[in-house]
Amino acid sequence: MILSLLGLMPGAFAQGLLWAVMAIGVYITYRILDIADLTAEGCFTLGAAVTCKLVTLGWDPFTSTIVSFLAGLLAGLVTGLLHTKLKIPALLSGILTMTALWSVNLRVMGQSNIPLLKQTTIISLLEDVGLTKNVAAIVAGLVLTVFVIFILWIFFNTELGFSLRATGDNKNMIRAQGVNTDNTLIFGIMLGNGLIAVSSSLVAQFNGFADISMGTGTIVIGLASVIIGEVVFGHRNLLHSLIAVALGSILYRIIIALVLWLGLSSNDLKLISSVLLAIALCFPAIRNIFTKNLKNSIKKGGSENA
């Protein structure tokens, strides 16, 4: 039994790293910009669809992955324009783009599913040098995650990066400094969705297919990874937060693997994801209540002894 659980860990670790960049993309919109962007649901499928379509047309996997990033930027641009220029609420803007992307993704793929049978992918290239599929995914996911965290850490310490972070913290204050908050919001939403698309590109190359429904539940998975990472690993500064989100993605996948190992059906994954997110969201409140009660008990005990 224990050996079977250990056998699930490489796959869970690989999936966690491949989805980590998606979680970072969600972190940018949810935590830094402080908006609820549901574009992720459609954008995740978009990145996979673009990559698989181009690979089947003979494009090399690296170029296909870059194009998927550009497609994600474009999806984020649409949401950003709807929100900032047309004054549609962020939540509704994301829903509109997500809904439109369902048709766009079908147009891109030409069918509901594109298999990658014998096409060359980033994962298969790593397998060709002697790595197993899970190890190849771990290497690809780790390289991408470290690269993204490093680039974002540098970017968010630039003037534009500080402006973007300040837009989420206090829009009125940064607007008073002469910063166009519409532009920073649009850029942030584009960046987040671009990262989500890149993540889905690698996930599709690992799974060997793109499917029209593969983005369902993406926002819940991303938020769960963000919250779990913050609760377990903390968020002292930006770099620490980015690393925590990536680790949260891995931990989320390990928890899912553990739950499946205990005998739950894979059909319950969406339910499990929602429950995990609910627990992670309410954990700080529960911890505060417990800490407060503990302090009151200690204080009461000290008064009685006196």
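The values are calculated or read from the model by the stated rules, or taken from the named source; none is laboratory data. The structure displayed is predicted, hence computed values, not measured ones. Cβ placement follows ideal geometry from the backbone for every residue including glycine, while neighbour counts extend to all protein chains displayed.
Assorted remarks:
- Flag: residue 287 matches the condition of being surrounded by fewer than 22 Cβ atoms within 10 Å (Cβ to Cβ) and farther than 16 Å from residue 31 by Cβ.
- The criterion of at least 1 residues that are touching a residue at least 60 places away in the same chain (Cβ under 8 Å) and under 27 Å from residue 7 (Cα atoms) is met, among helices (runs of 4 or more DSSP H) falling completely within the range 215-306, by 218-233, 238-261.
- Note on the range 58-73: among residues that are without any contact (Cβ under 8 Å) to a residue 24 or more places away in the chain and under 17 Å from residue 22 (Cα atoms), the one that is surrounded by the most Cβ atoms within 10 Å (Cβ to Cβ) is 67.
- Matching option when the condition is at pLDDT 95 or above, hydrophobic (A, V, I, L, M, F, W, C), touching a Pro at 6+ places or on another chain (Cβ under 8 Å) and assigned to a helix (DSSP H, G or I), among 55, 50: 55
- With a requirement of 2 or more residues that are acidic (Asp, Glu), the helices (runs of 4 or more DSSP H) lying completely within the range 104-182 that satisfy it span 122-128, 159-169.
- Some residue of the range 46-59 being of a type in the set (A, V, I, L, M), touching a strand residue (DSSP E or B) at 6+ places or on another chain (Cβ under 6 Å) and closer than 24 Å to residue 139 by Cβ: yes
- Residues that are under 22 Å from residue 252 (Cβ atoms) and of a type in the set (Lys, Arg) do occur in the range 27-35, at least one of them.
- Selected residue (criterion: modelled with the lowest pLDDT) from residues of the range 1-38 that are under 30 Å from residue 92 (Cα atoms) and surrounded by fewer than 24 Cβ atoms within 10 Å (Cβ to Cβ): 36
- Candidates 90, 137 - the one that is in contact with a Ser or Thr (Cβ under 9 Å, 6 or more places away or on another chain) and crowded, with 18+ Cβ neighbours inside 10 Å: 90
- Residue within the range 186-196 that is closer than 16 Å to residue 16 by Cα and at pLDDT 90 or above present: yes
- Residue pairs meeting the criteria (Cβ under 6 Å; at least 6 apart or on separate chains; first at positive phi and surrounded by fewer than 24 Cβ atoms within 10 Å (Cβ to Cβ), in the range 191-202; second at pLDDT below 95 and not basic (Lys, Arg)): none
- Within the range 64-98, the residues that satisfy the criterion of being part of a helix (DSSP H, G or I) and farther than 18 Å from residue 200 by Cβ are 80, 81, 82, 83, 84, 90, 91, 92, 93, 95, 96.
- Conditions (1) more than 30 Å from residue 132 (Cα to Cα); (2) in a helix (DSSP H, G or I): number failed by residue 10: (1)
- Residue satisfying condition, being among the β-branched types (Val, Ile, Thr) and without any contact (Cβ under 8 Å) to a residue 12 or more places away in the chain, within set 158, 184, 145, 167: 158
- Against the test of being within 20 Å of residue 212 (Cα to Cα), at pLDDT below 95 and not polar (S, T, N, Q), the options 106, 116 yield a single qualifying residue, 116.
- Residue list for the range 156-171, filter: exposed (fewer than 13 other Cβ atoms within 10 Å of the Cβ) and either at pLDDT 95 or above or in contact with a Gly (Cβ under 8 Å, 6 or more places away or on another chain) (or both): none
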